[in-house]
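What follows is a short report on a single structure.
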2 protein chains.
Amino acid sequence: MLELAILGFLYDTPLHGYELRKRISALTGHVKPVAESTLYPAIKRLEKADLLARATEPGAVAAPRHVLTLTEAGRRELRHRLAEPDPRDISDENRWFTVLAFLRHLDDAAAQSAVLRRRLAFLEEPASFFYDGDRPLRAEELDDPFRRGILTIARATSRAELTWLRETIASLGG
Amino acid sequence: MLELAILGFLYDTPLHGYELRKRISALTGHVKPVAESTLYPAIKRLEKADLLARATEPGAVAAPRHVLTLTEAGRRELRHRLAEPDPRDISDENRWFTVLAFLRHLDDAAAQSAVLRRRLAFLEEPASFFYDGDRPLRAEELDDPFRRGILTIARATSRAELTWLRETIASLGG
DNA sequence: ACGATATACCTCGCAACCGATGTATCAATA
DNA sequence: TATTGATACATCGGTTGCGAGGTATATCGT
């Protein structure tokens with residue numbers, strides 16, 4: 001998820017690590033804070049895999065900057081990760097939002113639509129958080145008000161997202 | 001999050017690892033699958049910390065089972081983790097849902113309410129995923145349809161949850 | 001008789017994540 | 001003048017997570 005965000009932001013324009021950190025924090029930081037000690041090793045991993053290159057520049061304000069630029073392989077890698085997301089990128093909302101945040105980088109509307117349809121298929125599966133045997137329970141069947149809350153909230157999200165997905169898929173396919 | 005789920009399920013009744021795995025999979029598995037190679041080491045960690053004890057029983061169907069029971073320290077630990085959740089348990093929906101799933105185990109309505117109010121405070125902060133400088137952007141201000149989707153969906157979730165939180169806090173407060 | 005499926009547990013090695021801590025420079029504020 | 005805060009990068013050790021693989025037993029369908 002972090003690597004996807006790094007690739008995604010650098011796809012637009014080269015950035016140094018500190019600026020990258022601020023952008024990632026703005027995108028997902030209020031939900032999942034990004035530690036510097038996670039970001040810098042991730043950058044190194046991507047550099048080692050030749051997905052990005054770094055160039056040292058004198059710091060504009062303070063210490064020298066390492067400006068990060070995606071390589072051609074890095075650009076391919078982002079498109080690949082967007083076009084064929086890991087199942088977790090589809091099911092986990094945090095990861096899914098990161099995919100969505102950069103999905104415009106897929107040039108092909110059909111490819112974008114295919115990704116949205118994967119999420120649609122996931123949301124259309126009858127799934128709950130609580131079961132009676134195999135049967136998914138509805139909010140009304142639960143005594144526990146907190147568990148009822150989970151279902152109420154999840155249902156609201158799901159409805160909103162289904163509506164948006166169907167509209168957006170239609171507008172892409174049009 | 002995994003440890004919280006283990007403690008939460010065992011708070012009700014002793015279970016063996018395999019059954020625990022099925023319950024955790026039902027609860028969060030459709031979003032975040034639980035690997036056995038994550039669960040068993042987690043059980044060991046909790047055992048080592050004296051939060052749970054294991055007793056070997058002949059297997060009802062196949063191999064022998066290790067029935068896991070929370071110790072008194074384990075029960076205290078669950079209540080503590082519920083009463084004073086990590087900030088990430090509040091901000092990250094996956095973790096938050098796990099807290100909610102077991103929040104009934106806090107005996108005190110005031111303590112439950114305090115936890116809900118922490119989530120309420122988090123949701124009431126003006127946060128977005130996209131900014132113009134410091135100003136959070138609204139869905140209508142974005143060109144990118146996918147990023148607009150993120151805000152649309154997040155807004156719908158947030159509204160539903162705020163409503164539910166306020167209602168539930170009111171009903172707890174008497 | 002054989003293979004698939006379910007039950008039931010476990011280890012290994014690698015990857016990822018994070019808190020604590022360290023190193024510098026520069027600007028603003030007290 | 002001192003200290004805080006922002007910029008800018010990095011390492012270390014510990015913890016968590018996961019895929020791949022392993023070991024058994026019992027059941028059910030073919």
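On the accessible surface of chain A, probed at 1.4 Å, how many percent belong to carbon and sulfur atoms?
On the way: 4440 of 8690 Å².
Within chain A, the accessible surface is 51 percent carbon and sulfur.
Hey, any idea what the orientation-averaged projected area of the convex hull of the stretch B:1-45's Cα atoms comes to, in nm²?
Average of the hull's projected areas for the stretch B:1-45 equals 2.8 nm².
Kirkwood Rh over alpha-carbon pairs of the stretch B:2-81, then Stokes-Einstein at 20 °C and 1.002 mPa s: what D in µm² s⁻¹, rounded to an integer? All intermediate terms of the calculation are to be shown ahead of the outcome.
Values: Rh = 12.7 Å.
Stokes-Einstein gives a translational diffusion coefficient of 169 µm²/s.
How large is the dipole of chain A about the Cα centre if only Lys and Arg carry +1 and Asp and Glu carry -1, each at its Cβ, rounded to the nearest 20 debye?
Result for chain A is approximately 420 debye, rounded to the nearest 20.
At 20 °C and 1.002 mPa s, what whole-number value in µm²/s does Stokes-Einstein give for the translational diffusion of chain B, with Rh from the Kirkwood sum over Cα pairs?
Numbers: Rh = 18.3 Å.
Diffusion coefficient, whole number: 117 µm²/s.
Which residue in A is nearest the A/B rotation axis when you measure from the C-beta atom, and what is the distance in Å?
A:THR157, 2
Within 10 Å of each Cβ in A:151-160, how many Cβ atoms from other chains are there, averaged over the peptide? Before the final figure, lay out each step's value.
Details: counts 1, 6, 12, 6, 1, 8, 8, 3, 3, 9.
Counting Cβ atoms of other protein chains within 10 Å of each residue's Cβ and averaging gives 6.
Taking 20 Å² as the minimum loss, tell me which residues in the stretch B:78-122 lose that much accessible area going from the chain by itself to the full protein complex (1.4 Å probe).
Hits at the 20 Å² cut-off: B:ARG88, B:SER91, B:ASP92, B:GLU93, B:ASN94, B:PHE97, B:LEU100, B:ALA101, B:ARG104, B:PHE122.
Kindly flag which residue pairs out of A:LYS32/B:LYS48; A:LYS22/A:LYS48; A:LYS22/A:LYS44; A:LYS44/B:LYS22 have an alpha-carbon separation exceeding 26 Å in this structure.
Cα-Cα > 26 Å for A:LYS32/B:LYS48; A:LYS44/B:LYS22; rest within.
Run the simple label-point estimate for B:GLU141 and A:ASP143 please: 7 Å along Cα→C-beta, distance reported in nm.
Calculated label separation equals 4.8 nm.
What is the Cα radius of gyration of the stretch A:109-173 over 2.2 N^0.38 Å, N being its residue count?
Normalised by 2.2 N^0.38 Å, the Cα Rg of the stretch A:109-173 equals 1.36.
Can you give the Rg to Rh ratio for the protein assembly as shown, taking only C-alpha atoms and Rh from Kirkwood?
Ratio of gyration radius to Kirkwood radius for the protein assembly as shown: 1.00.
Roughly how big is the A-B contact, given as buried accessible area in Å² (both sides, 1.4 Å probe, nearest 100)?
On the way: alone 10520 and 10510 Å², together 17380 Å².
When A and B are taken together, about 3700 Å² of accessible area is lost.
Assigning unit charges at the beta carbon (Lys, Arg +1; Asp, Glu -1) and nothing else, what dipole magnitude in debye, to the nearest 20, does the protein assembly as shown show about its Cα centre?
Computed charge dipole of the protein assembly as shown: roughly 300 debye.
Under the rule of -39500 (n - 2.57) per DSSP H run of 4 or more residues, summed and divided by the residues of chain B, what mean residue ellipticity at 222 nm is obtained, to the nearest 500 deg cm²/dmol?
-19000 deg cm²/dmol
Gap in Å between the Cα centre of the stretch B:128-143 and the Cα centre of the stretch A:1-36?
Cα centroid of the stretch A:1-36 versus Cα centroid of the stretch B:128-143: 16 Å apart.
Roughly how big is the stretch B:105-174's charge dipole about its Cα centre, with Cβ charges of +1 (Lys, Arg) and -1 (Asp, Glu), in debye to the nearest 20?
So the magnitude is around 120 debye.
Work from the charge dipole of the protein assembly as shown (Cβ charges, +1 for Lys and Arg, -1 for Asp and Glu, about the Cα centre) and give the residue of A:GLY149, A:LEU172, B:THR56 farthest towards its positive end.
Result: B:THR56.
Using a 1.4 angstrom probe, figure out how much accessible area the protein assembly as shown has per residue, in square angstrom, rounded to the nearest whole.
50
The values are calculated or read from the model by the stated rules, or taken from the named source; none is laboratory data. All values reported here derive from a predicted model rather than from experimental measurement. Note that we place each Cβ from the backbone using ideal geometry, even for glycine, and neighbour counts take in every protein chain shown. Accessible surface areas use protein heavy atoms only, side chains included; no ligands, DNA or RNA. Shrake-Rupley method; radii C 1.70, N 1.55, O 1.52, S 1.80 Å.
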